[in-house]
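Before any comments, here is the structure.
Readers should treat all values here as calculations from the given coordinates under stated rules, not as data from a laboratory. Because the structure is predicted, anything quoted here is derived from the model rather than measured. Heads up, the Cβs are rebuilt from the backbone with ideal geometry, glycines too, and the neighbour counts pull from every protein chain shown.
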Amino acid sequence: MRIVCGAFIALYVAAFALLIIGTFGLFGQEQDPLSGVFLLPLGLPWNWLADKAGLGGPIPAIVAPAINLAILLFACRCCRRRRARKLALAAD
């Protein structure tokens, strides 16, 4: 589970970096309005729900993957607790 969380964090950071680089034209890149497209699949289904609620723009697209990351970290923490509890019971 830790590998999944780490991979998601790496993809989120890379997609956010591409958004910043493409939006502001850093490192000699031309400004590209589609530079944030890599954040969209990471933020599903929250991007879709924000669009249906009428919340458009870059902020929901940036925040939506963070919601999925929080859910993944919570699931990882719960699995770790369950495993620790199981090991403690087995040791007794």
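Per residue, the chain reaches -25000 deg cm²/dmol at 222 nm when only DSSP H runs of four or more residues are counted, each adding -39500 (n - 2.57). Taken one residue at a time, the phi angles of the range 60-76 give Karplus couplings (6.51, -1.76, 1.60, θ = phi - 60°) of x, 5, 7, 7, 4, x, 5, 5, 5, 5, 4, 5, 5, 5, 5, 5, 5 Hz. Gly and Pro are set to x. As a proxy for reagent exposure, ranking Leu42, Leu89 by other Cβ atoms within 10 Å from fewest up yields Leu89, Leu42. When you restrict to C-alpha pairs under 8 Å that are six or more residues apart and normalise by the size of the range 2-91, the relative contact order lands at 25 percent. With a ≥ b ≥ c the root eigenvalues of the C-alpha gyration tensor of the chain, is it rounded (a/c under 1.5), prolate (a/b larger than b/c) or oblate? Since a/c reaches 1.5 but b/c is at least a/b, the shape of the chain is classed as oblate.
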